[in-house]
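This report concerns only the one structure given below.
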Amino acid sequence: MNGVHSVQELIERTRDMPLEKMRFFINEDKREPRCFGIYHDDAEDRWVVYKNKADGSRAVRYSGPDEAYAANELWQKICSEIELRRPKTMTAAQKKRARRDALITGGIVAILIALVLAFMVHEFRKPNRGYYLVNDGIYYCQDSDWYWYDDGDWRYYDAPEDDSWYEGGYYGEEYPYFEDAGDAFEYSDYYEAPSEGDSDNSGVFDSWDSGDTDWSSDW
C-alpha cells in the first residue's frame, strides 16, 4: 500500500478499519498495555509514535517534528498487522494436498454414515417384542429369537431368515386368549425381562444427534 503524508490522511485511510479492536490509536496518548499509537506532544511540539508492550512499558518508534514520517510509520505498522492476519494463498502442492485430505475425510465420513444407516435400518426392521399370530400359530419374539406355542408348551422356533413369514401377523405385547393364563410366554422358562427399548422400535432415532503480534519486541 502507498504511504501516507499526514495524520489526517492516516485517519482517512483507516476510516473503515476497526482500529480500537486492532489496538491502534490515532491522536491519543494511550497508556494501557498492548497498543500502538500516534499523538502530538503540544508541549514539545513533536509527533510521537509509540508501542505499549504487554508489561506496560513503552517503546517509542519516532519522536520529532516530521508529521509525514510519523504518520507513515504507524501506517506501515497497520499494513504489516493486516498482512500478518491475511489468509495465506496456498501453493499448488498445498491445494492438491488439501483436496486429497478432503476426499479422504469425505470418504471416511461417507463410510461411517453408510454403516450407521445400515445399522439403523437393521434395528428398525427388527421385529417388535411380543406375540404374533401367523397361520393360526402363536409365536413370541424375544431379542430377535422366536418361540412358538405347541400343545400347552413353548418351544424354540427356528424361524426363516426371510422376515416376510410373520409380516402382517403381529398381534401385540399381550395375548389374552390362552385357556390358562399360565400358558403366557411370560411364565415360560425362555422368558427374559425386556431390556431398555426392547419392546418396540420407537426409540431407534432418539440417540441420533447426528500469527499474533509480538508485544515483547520494540516494534
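Only helices enter the 222 nm calculation for the chain: every DSSP H run of n ≥ 4 contributes -39,500 (n - 2.57), and dividing by all residues gives -9500 deg cm²/dmol, rounded to 500. When nucleic acids and ligands are ignored and a 1.4 Å probe is applied, Arg23 ends up with an accessible area of around 60 Å². For Trp75, the accessible surface of its heavy atoms amounts to roughly 10 Å² (probe 1.4 Å, protein chains only, rounded to the nearest 10). Taking all protein chains together and a 1.4 Å probe, the residues Lys21, Lys126 rank Lys21, Lys126 from largest to smallest accessible area.
Per-residue surface analysis assigns Asp145 an accessible area of about 60 Å², computed on protein heavy atoms at 1.4 Å probe radius. In terms of its alpha-carbon gyration tensor, segment 1-48 comes out oblate; a/c meets the 1.5 threshold, while b/c is at least as large as a/b.
Placing Phe185, Phe178 in order of accessible area, with the largest value first and a 1.4 Å probe, yields Phe178, Phe185. For Arg15, the shell of other residues with beta-carbons less than 15 Å away shows a net charge of -2, using +1 for Lys and Arg and -1 for Asp and Glu. Rounded, prolate or oblate: which one fits segment 1-84, using the alpha carbon gyration tensor with axes a ≥ b ≥ c (rounded when a/c is under 1.5, else prolate when a/b beats b/c, else oblate)? Because a/c hits 1.5 or more and a/b fails to exceed b/c, segment 1-84 counts as oblate.
Across the protein chains, with a 1.4 Å probe defining accessible surface, the residues Ile82, Ile108 rank Ile108, Ile82 from largest area downward. For the chain, the tally of Lys pairs with Cα-Cα distances below 29 Å comes to 14, considering only residues 8 or more apart or on different chains.
Remark: the chain carries 68 Å² of accessible area per residue (probe radius 1.4 Å; ligands, DNA and RNA excluded).
Compute the Cα gyration tensor for the chain, then decide on rounded, prolate or oblate, letting a ≥ b ≥ c be the square roots of its eigenvalues: rounded whenever a/c is under 1.5, prolate when a/b is larger than b/c in the other cases, and oblate in all that remain. Prolate shape, in that a/c is at least 1.5 and a/b is the bigger ratio.
The values are calculated or read from the model by the stated rules, or taken from the named source; none is laboratory data. Just so it is clear, the model here is predicted, and its values are computed rather than measured. Cβ sites come from the backbone with ideal geometry, for glycine too, and all protein chains shown count toward neighbours. Surface areas here come from the heavy atoms of the whole protein model, side chains and all, with no ligands, DNA or RNA. Shrake-Rupley method; radii C 1.70, N 1.55, O 1.52, S 1.80 Å.
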